[in-house]
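Rule-based calculations on the coordinates, nothing more; no lab input. Just so it is clear, the structure is predicted and the values come from calculations on it, not from any experiment. Note that each Cβ is placed from the backbone with ideal geometry, even for glycine, and that neighbours are counted across all protein chains shown.
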Amino acid sequence: MADLPPESLIVEITESVLMQHTQRTMDVLGELRSSGVRVAIDDFGTGYSSLSYLQRFPIDVLKVDRAFVSEACTDQGAILARAIVEIGNGLDLQVIAEGIERPDQLRVMRSFGCEYGQGYLFSTPMDASDVLRLLREDGPAAGSPGPDERMSIGAVA
C-alpha cells in the first residue's frame, strides 16, 4: 500500500450514496475527515440535492455535475451553475466543475468563481503512469488550454 499522507487523499461519494444509511455514513465520513482525508460530494445536483446535508455532513469538496457545466453557457443553465458554485464557495467548500469540454465552459465556470475543474478539455482519462509522465513534463501539452484559460485540474491539493 502507498505511504501517502491522509491530507493528500480525497474520498468521493455521490449524493445518492450519501443519503443512504445517513448516521453510519456521517460517522464514517467524520472518521475519515478527522484522520486528514478530505471528503467530496460527487455529481452534485443530480441526486437528492438536499441543501441541508451540505451543513450536516462532514464534507470539504463540492463537485458540480457535468450536466450543469454543459448548460452553463445558456441563460437558464448559467443561473443554476452559478448558484451551485456560490453555495459551495459560501460554505467554504472547494468547488470543482466536472465535465469541462470546451473553452467557453471553462471561462464561464471561472467567471462564477469556480477555481477547479476536470474534463476532456484538460485531458482524457489516463492511468497512473501517464499521470506521472504528464506531471513531469515541462509546459502544457499541445492543444491544452493557454495561460488565460487554465484552471487547476481536478481535486489535486
Query raised in the report: How many nm separate the modelled label positions at Glu101 and Tyr120, each set 7 Å beyond the Cα in the direction of the Cβ?
Result: 0.5 nm
Query raised in the report: So for the pair Ser8, Ala128, with labels modelled 7 Å out along Cα→Cβ, what separation do we get in nm?
Result: 1.1 nm
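What full-extension length gain, to one decimal in nm, is calculated for Met19 and Leu135 as 0.36 nm per residue of separation minus the Cα-Cα distance?
Answer, rounded to one decimal: 38.2 nm.
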Query raised in the report: Which value in nm describes the separation of the simple spin-label points at Ser35 and Ala83, placed 7 Å from the Cα toward the beta carbon?
Result: 3.7 nm
